[in-house]
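Okay, so here's the structure we're looking at.
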Amino acid sequence: MTAPWAERMAMARALALGESVLGTTSPNPPVGAVVLAADGTPVGEGATAPPGGPHAEVAALAEAGERARGGTVVVTLEPCAHTGRTGPCADALLAAGVTRVVVAVPEPTSLAGGGAQRLRDAGVEVEIGMEGPAAEAGALASWLTAVRQHRPFVVWKAAATLDGRVAAADGTSRWITGDAAREAVHRLRATCDAVVIGSGTALADDPQLTVRRPDGSTAPRQPLRVVVDRRGRLPATARLRDGAASTLLSDAATAGDLLAALYDRDVRRLLLEGGPTLAAAFLREGLVDEVVLHLAPKLLGAGAPLVGDLGISSITGALSLTVTDVTRRGQDVEIRLRPDGRS
Ligand code: ZN
């Protein structure tokens with residue numbers, strides 16, 4: 001019998017494994033799994049591979065081999081029971097002779113659901129809910145929001161001066177923040193399936209929107225670059241048209257239409273990097289799930305504000321947010337927030 005503490009340590013490891021593949025698994029969830037042998041010794045671990053590759057449980061079972069027989073599998077999401085591009089994980093667990101499965105979060109989709117029941121029907125002990133809240137708030141948070149609401153989870157990232165300006169009066173906005181904050185943005189992009197800006201930002205800044213490593217090299221996996229360009233203003237010479245990553249030009253009329261189209265393209269986690277107009281469009285429709293704000297210790301006194309008109313005229317109508325984390329990034333401060341009313 002495996003000691004409960006061994007299972008808790010295995011779940012902590014499984015949660016970390018899920019975090020390590022965030023941004024590489026969509027439309028599949030970023031899951032982590034650990035196999036404990038019958039005596040409780042960890043003998044295998046795995047995380048969801050990119051689409052078409054093995055799910056976390058299958059990768060962990062492959063590493064464990066025969067040592068999984070009579071053992072326990074600890075996994076962040078309920079094992080799937082359906083055949084997609086890979087076979088059902090529930091069947092792989094049965095074939096491996098696992099006798100107990102510990103799950104953090106139940107499968108929310110009817111398509112892949114039923115794994116726990118299939119295991120129980122075959123005599124496997126299944127426990128659901130260990131570290132459930134931590135798992136829901138961790139690597140699975142974006143995917144859970146996406147499949148429940150049929151739209152990508154939206155992270156709005158912005159860099160502003162202390163007085164909330166994202167550009168100077170002449171429109172220049174490069175290098176508001178320092179190196180550490182910019183490196184953090186590249187790490188954040190790497191966790192997302194797509195990055196979106198409006199044509200205004202594309203014209204003003206001519207950004208490349210790629211993920212680069214600290215040494216300046218381009219990362220092997222790049223999120224889809226999306227430009228909302230209803231009037232076809234993006235010039236042929238724009239850096240967004242280089243071959244460094246795929247680019248989608250969207251003529252979506254609303255933020256909701258854009259999200260629906262991106263969900264159909266398997267985007268589950270979207271980084272909103274546009275200027276004040278695009279940010280306001282998303283905020284007005286309640287379509288921002290998380291905010292990552294880099295505040296630089298600078299003042300401009302004039303220039304574009306962080307966000308455009310939200311249709312709010314009185315302080316009682318202010319959109320309020322909750323701070324979830326604060327981190328120093330060199331001279332800049334990174335604040336993470338959630339709009340109130342979102343979990
Ligand atoms: Zn699976």
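The values are calculated or read from the model by the stated rules, or taken from the named source; none is laboratory data. Given the structure is predicted, the values throughout are model-derived calculations rather than measurements. All Cβ positions, glycine included, derive from the backbone under ideal geometry; neighbour counts span all protein chains shown. Keep in mind that these areas ignore ligands, DNA and RNA; they rest on the heavy atoms of the full protein, side chains included. Shrake-Rupley method; radii C 1.70, N 1.55, O 1.52, S 1.80 Å.
Miscellaneous remarks
- Local electrostatic count, PRO29, Cβ distance below 13 Å [Lys/Arg +1, Asp/Glu -1]: -4
- Surface composition of the range 61-143: carbon and sulfur make up 51 percent of the accessible area, probe 1.4 Å.
- Where the chain is the region considered: accessible area per residue in Å², 1.4 Å probe: 45
- Across the range 119-206, Cα pairs under 8 Å and at least six residues apart give a relative contact order of 14 percent.
- Potential lengthening of the chain between SER20 and LEU299 amounts to 96.7 nm, from the contour at 0.36 nm per residue minus the alpha-carbon distance.
- Dipole size of the chain about its Cα centre, with +1 on Lys/Arg Cβ and -1 on Asp/Glu Cβ: approximately 700 debye, rounded to the nearest 20.
- Given charges at beta-carbon only (K, R positive; D, E negative), |dipole| of the range 4-144 in Debye: 140
- For the pair ARG69 and ALA261, the difference between a 0.36 nm per residue extended length and the Cα-Cα distance amounts to 64.7 nm.
- Only helical runs count toward this figure. For the chain, summing -39,500 (n - 2.57) over DSSP H runs of n ≥ 4 and dividing by all residues gives -8000 deg cm²/dmol at 222 nm.
- Annotation: the antiparallel percentage among DSSP beta bridges lying fully within the chain is about 45.
- Its Kirkwood hydrodynamic radius, worked out from the mean inverse distance over all distinct Cα pairs, puts the range 151-339 at 16.9 Å.
- Heavy-atom accessible surface of the range 227-321: percent carbon and sulfur, 1.4 Å: 53
- Hydrodynamic radius of the chain per Kirkwood, over alpha carbon pairs, in Å: 21.5
- Using the alpha-carbon positions of the range 270-343, Rg (one decimal) and Dmax (whole number) come out as 13.2, 36 Å.
- Percent carbon-and-sulfur accessible area, the range 157-197, ignoring ligands, DNA and RNA, probe 1.4 Å: 55
- When the range 79-177 is described by a simple charge dipole with +1 on each Lys and Arg Cβ and -1 on each Asp and Glu Cβ, the residue from THR172, GLN117, GLY138 located farthest towards its positive end is THR172.
- Sequence-separation-based contact order of the range 224-338, relative, with Cα cut under 8 Å and 6+ spacing, percent: 22
- Separation of the range 263-281 from the range 31-98 is 34 Å, based on Cα centroids.
- Contact order for the range 275-326, expressed relative to its length and based on alpha carbon pairs under 8 Å spaced 6+ residues apart, stands at 52 percent.
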